[in-house]
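Here, each number is a calculation from the coordinates, and none is a lab measurement. Predicted model, so just to flag it, every value in this text is computed and none were measured. For neighbour counting, all protein chains shown are included, and Cβ atoms are generated from backbone atoms with ideal geometry for every residue, glycine included.
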Amino acid sequence: MQIQKMADLPIDRLSTMPPFTSVGLDVFGPWTVSTRRTRGGSAESKRWAVLFTCMSTRAVHIELIESMSTSSFINALRRFFCIRGPAQTLRSDRGTNFIGACNELQIDHKDTELNSYLLEKGCTWLFNSPHSSHMGGSWERLIGVARRILDGILLKAKHIQLTHEVLSTFMAEVMAIINARPLVPISTDPDKPNLLTPAMLLTHKTNALSAPAGSFASPDLYSKQWKQVQCLADSFWKQWKSEYLSTLQKRRKWTDDKPNIKVGDIVLLKDALAHRNNWSMGKVVRTFESKDNKVRKAEVKTATDGNEKVFLRPVTDMVLLLSDES
């Protein structure tokens, strides 16, 4: 596997911009909610969620969407912009997680209506190259953990009747929990007793929203709706504390300069779904240099049964077989 020295932080991670000016996003779900009571029981429909995370403050915002259309997605963007202000840049993965959700929701990022709306708002939608979710690690990890916990909790709660009101309140509780996490290590300085959190940057309030008094257990899932929400929120907090907060430590990797992949190099393309002997062999036909002159992604041409294809891949998905110089 080829690796390259880790790139410098992107400019939108370092700029002193208002919260949610540069945003990473992902779509996940669906979940079934009860919409209205009928004589035969209750009518049900599906809900998805769009999770936005701020690139600079690391705050999170969640919007529910209820129909499989670009218009519904634009409505979610509109609500997000109305609450958090207009964004300049939207970033997302090009992998199966996001593109698959977009396909299911019939959201086309090339859709004329969607692009017209973004253009009107002065907003640009940028995609990472395929198979390179690590290039969006600042939001991908946060979204991935939150989405995995939410999916697990709501999957366990599928035997109860969720309503749109319960689900939207639960998402608000999840936002409060995520945005109350510390951004920096706890200081031992008595003159700095407060923790820096995304919620503090958003609300300018030092005190986080406290949970309701009382203990909420599994039987509360069948009780009043507000108790259902608090039981789900407690479950999210317990998993969030064990799966995410415990990992808040510095990691150091990709610290050394490595030779760049060059045009003409022969490489193998990694494929998690194929045996190693069946990985495609190809020739690098184009490279993309970052501002620091390091190549972290390239286009590779492969030929299978006479059919030529060109793939855009990160260098971490390549195994160098033969350098063009040799």
Legend entry - ASP271, ASP257 arranged by Cβ crowding within 10 Å, fewest neighbours leading: ASP257, ASP271
Legend entry - Residues whose placed amide H lies under 5 Å from that of THR57, excluding near-sequence neighbours: PHE20
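Tally Lys/Arg at +1 and Asp/Glu at -1 over every other residue whose Cβ is under 10 Å from the Cβ of ASP265; what's the total? Working shown, then result.
Values: positive: LYS262, LYS283; negative: ASP324, GLU325.
Result for the local shell: 0.
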Inset, instruction - Once you have the Cα-Cα distance between SER323 and ASP271, take 0.36 nm times their residue separation minus that, and quote the gain in nm to one decimal. - result: 16.6 nm
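In whole Å and largest first, what semi-axes does the C-alpha gyration tensor of segment 266-322 yield when each eigenvalue is scaled by 5 and square-rooted? Mind dumping the intermediate values first?
Working: eigenvalues 87, 34, 16 Å².
Working through the eigenvalues yields semi-axes of 21, 13, 9 Å.
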Inset, instruction - Rounded to the nearest 0.05, what FRET efficiency do LEU312 and CYS82 give with R0 = 35 Å and r taken as the Cβ-Cβ distance? Could you check? - result: 0.50
